[in-house]
1. Give me the residue from the stretch 59-77 that is open to solvent by 100 Å² or more (accessible area, probe 1.4 Å) and under 24 Å from L44 (Cβ atoms) and, out of that set, modelled with the lowest pLDDT.
2. Out of the residues in the stretch 158-187 that are in contact (Cβ under 8 Å) with a residue 24 or more places away in the chain, among the hydrophobic types (A, V, I, L, M, F, W, C) and more than 16 Å from M114 (Cα to Cα), which is surrounded by the fewest Cβ atoms within 10 Å (Cβ to Cβ)?
3. Going through the stretch 110-127 one residue at a time, which ones are in contact (Cβ under 8 Å) with a residue 24 or more places away in the chain, assigned to a helix (DSSP H, G or I) and either among the aromatic types (F, W, Y) or open to solvent by less than 30 Å² (accessible area, probe 1.4 Å) (or both)?
4. Filter the stretch 128-176 down to residues that are assigned to a strand (DSSP E or B), farther than 20 Å from S104 by Cβ and hydroxyl-bearing (S, T, Y), then give me how many there are.
5. Is it the case that L44 is open to solvent by 100 Å² or more (accessible area, probe 1.4 Å), among the hydrophobic types (A, V, I, L, M, F, W, C) and assigned to a helix (DSSP H, G or I)?
6. Going by the structure shown, is V107 surrounded by 13 or more Cβ atoms within 10 Å (Cβ to Cβ) and touching a Gly at 6+ places or on another chain (Cβ under 9 Å)?
7. Answer yes or no: is there a residue in the stretch 41-58 that is among the charged types (D, E, K, R) and either in contact with a His (Cβ under 6 Å, 6 or more places away or on another chain) or modelled with pLDDT under 90 (or both).
Amino acid sequence: MDFSKLQRNFKNLGQGLKEYDWRSLKKYASPNAAEDFNVFLEKLPQNAGQTMLIIAGVAWAAAGSMGLFTTVKLQKLTEIRAELQEAQALKPKVPQIKDVAVSSKDVEKFAKQMEGIYGGLKISSSGPAITLTASSTASFGQFREAIGHVQNGGSGWRVNIDRFCVGRECDKYPLYASLKINKVSVN
């Protein structure tokens, strides 16, 4: 629809409302209006056919039953909404716990300190992860202690095993562990 056409229609509507004779509605508010309506209802069966009255009755009955049904459902909906709001009011606020990666500088510094302690292992860091490798299984004691050292390495550290391999089945190194380091954040 064109905007100008819509605008013309609203102007015509406004003009029609201005020109309407509002005094003609007084007859519906007069004292005789109720009596006239009663006379109309009494003569309705004579003026309209029986079929039309049955159709009108069915329509009014359907509208009434739909209104009753809607009222009952709205009442139940209001009760459920009140219960939900009450349940939400009783729900305690629980802090959210997240794992946040430890800064790569802290992990790199820790890895360099460990290299001096565990000479038989190759220790490297990449972001928030430390990789421990050994070229032979004879270094297993040191390897195990180094993993324990990483577990207890920093304040609030949470260490997860990313990859772990021990023995002949390992691809490159017989002892290999990649450990990801996170911190717990409570919000």
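The values are calculated or read from the model by the stated rules, or taken from the named source; none is laboratory data. The structure displayed is predicted, hence computed values, not measured ones. All Cβ positions, glycine included, derive from the backbone under ideal geometry; neighbour counts span all protein chains shown. Only protein heavy atoms, including side chains, enter the accessible area calculation; ligands, DNA and RNA are left aside. Shrake-Rupley method; radii C 1.70, N 1.55, O 1.52, S 1.80 Å.
1. It comes out as W60.
2. My answer is V186.
3. Selection gives F110, M114.
4. Counting residues in the stretch 128-176 that are assigned to a strand (DSSP E or B), farther than 20 Å from S104 by Cβ and hydroxyl-bearing (S, T, Y) gives 1.
5. no
6. Considered against the rule, which asks whether it is surrounded by 13 or more Cβ atoms within 10 Å (Cβ to Cβ) and touching a Gly at 6+ places or on another chain (Cβ under 9 Å), V107 comes out as yes.
7. Within the stretch 41-58 (the criterion being among the charged types (D, E, K, R) and either in contact with a His (Cβ under 6 Å, 6 or more places away or on another chain) or modelled with pLDDT under 90 (or both)), the answer is yes, since at least one residue qualifies.
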